[in-house]
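Beneath this line is the structure, given in structure tokens, with notes to follow.
The values are calculated or read from the model by the stated rules, or taken from the named source; none is laboratory data. Predicted model, so just to flag it, every value in this text is computed and none were measured. No Cβ is skipped: glycine too gets one built from the backbone with ideal geometry, and neighbour counts run over all protein chains shown. Just the protein is used for accessible areas: all its heavy atoms, side chains included, with ligands, DNA and RNA removed. Shrake-Rupley method; radii C 1.70, N 1.55, O 1.52, S 1.80 Å.
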Amino acid sequence: MVIDKIVKPIIKDKDHLSPENLKELYNKLMETGYFESVDIQAEDGNIQGNILLKIVFKELKSGEWQLGGGYSDKYKGELVGGIKDKNLNGEAKEFGLNFSVGSNKNSYQLSYLDNYYKKTDTSVSFNVFNTKSDETYLDSKYEEKHTGFNIGIAKPISEDKKTKFFANFN
């Protein structure tokens, strides 16, 4: 779950939670873009000297779908669509499927992204695609096909984790 992947690194190895720690926690949770609201409450724990940290949050809707159509002189009629979830099962994993079907062109793309691979700040991605189109150049007609995949990894290299190192294999 997203909360575990963000909260645990902030509060582990801390002897006590200061107001600054709680503000950092709140900001990091809101920066993810997964939550509409976050409320952090500290309550007395059942052991003297301990506190119970209660986090109440409301997740944003993360799924979407699209469907459309169009026409062009080159590809004629075309139906396009897709589905996507950017917080699959509340685990900050993204999944998407896009397609395009037409009289002269068909394509699909399947994508997956794990923003916190193995509960770290490293993200990994995988995409697979296939496109087939009928093309014309001057008086020649031919079929063009593209099939492939992409594997990527991203690792933060700055303290604020906003600057990342990216590596991709196509």
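Taking the listed residues 63, 68, 81, the one that is touching an Asp or Glu at 6+ places or on another chain (Cβ under 7 Å) and of a type outside the set (A, V, I, L, M, F, W, C) is 63, with no other qualifying.
Name the single residue, out of those in segment 137-169 being of a type in the set (S, T, N, Q), assigned to a strand (DSSP E or B) and out of contact with any Phe, Trp or Tyr (no Cβ under 8 Å at 6 or more places or on another chain), that is nearest to residue 91 (Cα to Cα). Step by step, filter segment 137-169, then rank; the result is 168. Examine segment 37-57 for a residue that is within 27 Å of residue 154 (Cα to Cα) and among the charged types (D, E, K, R), and state whether such a residue exists. The answer is no, given that none of the residues of segment 37-57 is within 27 Å of residue 154 (Cα to Cα) and among the charged types (D, E, K, R).
Taking segment 129-146 as the range and being surrounded by fewer than 15 Cβ atoms within 10 Å (Cβ to Cβ) and of a type in the set (Asp, Glu) as the test, the residues that pass are 135, 139, 143, 144. Mind listing whichever residues of segment 147-159 are open to solvent by 90 Å² or more (accessible area, probe 1.4 Å), of a type outside the set (A, V, I, L, M, F, W, C) and under 21 Å from residue 28 (Cβ atoms)? Passing the criteria: only 159.
Consider segment 102-150. How many of its residues are hydroxyl-bearing (Ser, Thr, Tyr) and farther than 26 Å from residue 85 by Cβ? Let's see the steps before the verdict.
Residues of segment 102-150 that are hydroxyl-bearing (Ser, Thr, Tyr), as a first pass: 103, 107-108, 111-112, 116-117, 120, 122-123, 125, 131, 133, 136-137, 140, 142, 147.
Next, only the ones that are farther than 26 Å from residue 85 by Cβ stay: 103, 133, 136-137, 140, 142.
Matching residues across segment 102-150 total 6.
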